[in-house]
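Before any comments, here is the structure.
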Amino acid sequence: MCGINGIVSLNNSKDFNSSDYLKPKIQAMNDSIIHRGPDSEGVFIQNPACFGFRRLSIIDLNDTANQPMKSNDGQIVLVFNGEIYNYIEIKNELISKGYQFRTQSDTEVIINSYLEYGDDCVQKFNGMWAIAIYDFRKNRLFCSRDRFGVKPFYYCIENGFLYFSSELKALHKVCNLRHANRSKVYEYLAYGYRINDGETFLENCSELLPGHNLIVENAQLNIKRYYQLKENLFQHDDALSYYEEYIRLFESAVKLRYRSDVPVALLLSGGLDSSAIAKVADNLIERGELKQNTIQAFIASFPGYQHDETPIAKELVKTCKHIELHEIKIDSKHITDHLEQTIYDLDHPLASFTSIAHNNIMRACHDKGIKVVLNGQGSDEAYAGYDRYISGAYLLDQLLTKDGKFLKSLKDINKRHGYSTLFLASQMMKSVVSQDYASYLRAKYQEKSLSFFSPQFVSANKNHLKPEYRFSLKGKNFDKYLLAQINQFGLNHILHYEDVSSMNQSIEIRSPFMDYRLMEFAFSIPNDLKFKEGITKYIQRETIGKSLPDSITKNNKKIGFMTPFNDYLKNNQEFKNFVDTMLHSASFTSKEIWNAKKIADVFANPGQLPQFPFWRVINLEVWSKAYNITNL
């Protein structure tokens, strides 16, 4: 797990041969992401490629596994951020084909896989990655990002050079990136979105999309998709039931993510997903299938906050022999300390205040010497965990399907979650209209934010969003909605903030539910195994959930990782002072995109518009100052 940087000449520029030109640039990029890899640093320069690297040592701790890494003949050079969890199996396959290895790293497995399989090597990988390979045999750059975009890869082109990095701030250091992408700013302020569309918050700076490769050959840059999650990709074993397959896949995903030469810890909550990981890991230790004898688990605690899940997590840990729980108390008095620096560190404007709290949790784990943690991300999106948002598409399918059970499903959801018929009808309507229009209506009438932005800013950008999900009278809206949340919407911003937040504290996050096999399995089973009788993640509750306390398995209230931001806004005097100073600063009041006075008025009395996007306004303003943005 690391940070990667690169500068590649697109036209064999003469400047490339000048070390005075390139070394300061790649060094500045490396220095800006030292947190991603404090254990070692590397630089490689050979026309037309310049690679930089920061290493967080996790697999094969020896110096021989440092990067940039070359092939045995020196014709291939690679930088790589991530983990290939099935590297041992691939390595054995390559050894049988005659390949020799000088390290125990997954990095060398990637190099030899590329030599053997070419660009198709990524199809063999089970993991998370951002890879850059320069092939001097073919004068060719090959880059790849993992199937779901767990690991970031940003790039821009300037003065005949392609620059790439794991973080925007590295590109910002060496390229002329002072203009914000106003369309992305609008989508963020008005809708709270960070859309997977290849654009970033910086103008003229792009993001390699998940499941895509970037190739530079003959001075031409091409982007090619190699993977897209869709229905019925998974090949079922006819000898097993769906329940048996799920348990086998989930245990395999957890076991693979405990491959490490440093201890692997666990982020725990009172929720179903992280609890399932904890229980399975505990069982694997009991069966002698994990090297670790004890797993350190960490939970964020907000004393006195109604959504604090610490008591439930403690109940789970009592049933596990090998889990030790550490409670991290989040002090509201200090959570906003160094807020401006933290927002700069976290790269993009972030959807919620949760990102700041998450960064504090990662800092506490780092202080305890932790380098790797597991979490439960991905399950809600694939296995229908967000009942509030999925109910509309699900009920529409029940209404449109010949043998659907619309009225029964309506009653089940109402009974289990307490949603009124009017609310569920509104969710169905939202699933019928396009998601961009539904978001526009929410911003205008629910959050009531659009009147605070300049009409020109709104009109110029409101049509930029092009959602993949579209309602169909033919049905199958439920799976299409879930797929859109994975491929384009919600999962993207969660993965981003968790990567940048954890790596900001030199910690790697691994997510068993993001195993592509579990993702494909979710869209190759009947929907009743995901959402049935108002019960979310049905197959998980009926398998691993059976060994968890009822307070977890029978709890159908999905609240996510909640933080008491509104409490800080109202009651934390230091934070209120910070916000007041910001609202009256020249930077804030001079922005063309909003009405600064109206926004200051609503901040002075937040209760008048409780759903106003207070955090997004704060985050955008601080981010724009930190990155010296000049066009807002």
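Counting only residues that are farther than 18 Å from VAL372 by Cβ and in a loop (DSSP other than H, G, I, E, B), the stretch 42-61 holds 2 of them. Screening the stretch 45-92 for residues that are among the aromatic types (Phe, Trp, Tyr) and in contact with a Cys (Cβ under 8 Å, 6 or more places away or on another chain) and picking the one that is surrounded by the fewest Cβ atoms within 10 Å (Cβ to Cβ) gives PHE80.
Of the conditions (1) in contact (Cβ under 8 Å) with a residue 12 or more places away in the chain; (2) not in a helix (DSSP H, G or I), GLY404 fails just one. Which one is it? The one condition GLY404 does not meet is (1). Take LEU422 and tell me if it is in a helix (DSSP H, G or I), more than 30 Å from PRO38 (Cα to Cα) and in contact with a Ser or Thr (Cβ under 9 Å, 6 or more places away or on another chain). For LEU422, the condition - in a helix (DSSP H, G or I), more than 30 Å from PRO38 (Cα to Cα) and in contact with a Ser or Thr (Cβ under 9 Å, 6 or more places away or on another chain) - is not met. In the stretch 318-384, counting only helices (runs of 4 or more DSSP H) that sit wholly within it, the ones holding 3 or more residues that are within 17 Å of the chain's Cα centre (by Cα) span 354-367, 379-382. Scanning the stretch 107-160 for residues that are surrounded by fewer than 17 Cβ atoms within 10 Å (Cβ to Cβ), small (Gly, Ala, Ser) and closer than 21 Å to MET29 by Cα yields one hit, GLY160. Of the set (1) out of contact with any Ser or Thr (no Cβ under 9 Å at 6 or more places or on another chain); (2) outside any loop (DSSP other than H, G, I, E, B), all apply to SER472 but (2).
Here is a yes/no grid of residues against (1) outside any helix (DSSP H, G or I); (2) surrounded by fewer than 19 Cβ atoms within 10 Å (Cβ to Cβ); (3) of a type outside the set (D, E, K, R); (4) over 17 Å from the mean Cα position of the chain (by Cα):
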| site | (1), (2), (3), (4) |
| --- | --- |
| GLU498 | no, no, no, no |
| SER501 | no, no, yes, no |
| PHE513 | no, no, yes, no |
| ARG517 | no, yes, no, yes |
| GLY545 | no, no, yes, yes |
| ILE552 | no, no, yes, yes |
| TYR568 | no, no, yes, yes |
| SER587 | no, yes, yes, yes |
| GLU592 | yes, yes, no, yes |
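Answer yes or no: is there a residue in the stretch 603-621 that is assigned to a helix (DSSP H, G or I), of a type in the set (Asp, Glu) and surrounded by 20 or more Cβ atoms within 10 Å (Cβ to Cβ). Yes, because at least one residue in the stretch 603-621 is assigned to a helix (DSSP H, G or I), of a type in the set (Asp, Glu) and surrounded by 20 or more Cβ atoms within 10 Å (Cβ to Cβ).
Just to be sure, is LYS448 basic (Lys, Arg), within 20 Å of ARG616 (Cα to Cα), touching a Leu at 6+ places or on another chain (Cβ under 6 Å) and free of Cβ contacts under 8 Å to residues at least 12 places away in the same chain? No: the conditions fail for LYS448. Of everything listed in (1) assigned to a helix (DSSP H, G or I); (2) in the same structural domain as ASN360 (by TED's automatic domain parsing), the single unmet condition for ILE599 is (2). For the stretch 434-479, filtered to residues that are basic (Lys, Arg) and at negative phi, the residue that is surrounded by the most Cβ atoms within 10 Å (Cβ to Cβ) is LYS462.
Would you confirm, using the coordinates I've provided, whether ILE215 is hydrophobic (A, V, I, L, M, F, W, C), in a loop (DSSP other than H, G, I, E, B) and assigned by TED's automatic domain parsing to the domain that holds GLY127? Spelling it out, it is not the case that ILE215 is hydrophobic (A, V, I, L, M, F, W, C), in a loop (DSSP other than H, G, I, E, B) and assigned by TED's automatic domain parsing to the domain that holds GLY127.
Of the residues ILE76, ILE34, the single one that is over 20 Å from LEU141 (Cβ atoms), in contact (Cβ under 8 Å) with a residue 12 or more places away in the chain, in the same structural domain as ALA130 (by TED's automatic domain parsing) and touching an Asp or Glu at 6+ places or on another chain (Cβ under 9 Å) is ILE34.
Listed here are the residues, each with its yes/no results for (1) out of contact with any Asp or Glu (no Cβ under 9 Å at 6 or more places or on another chain); (2) modelled with pLDDT of 95 or more; (3) of a type in the set (Val, Ile, Thr); (4) closer than 21 Å to ARG194 by Cα.
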site	(1), (2), (3), (4)
THR336	no, no, yes, no
HIS358	no, no, no, yes
ASP387	yes, no, no, no
GLN398	yes, no, no, no
SER409	no, no, no, no
ASN414	yes, no, no, no
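The values are calculated or read from the model by the stated rules, or taken from the named source; none is laboratory data. In this text the structure is predicted, and so the values were computed from the model without any measurement. Don't worry about glycine lacking a Cβ; one is built from the backbone with ideal geometry, like all the others, and counts go over all protein chains shown.
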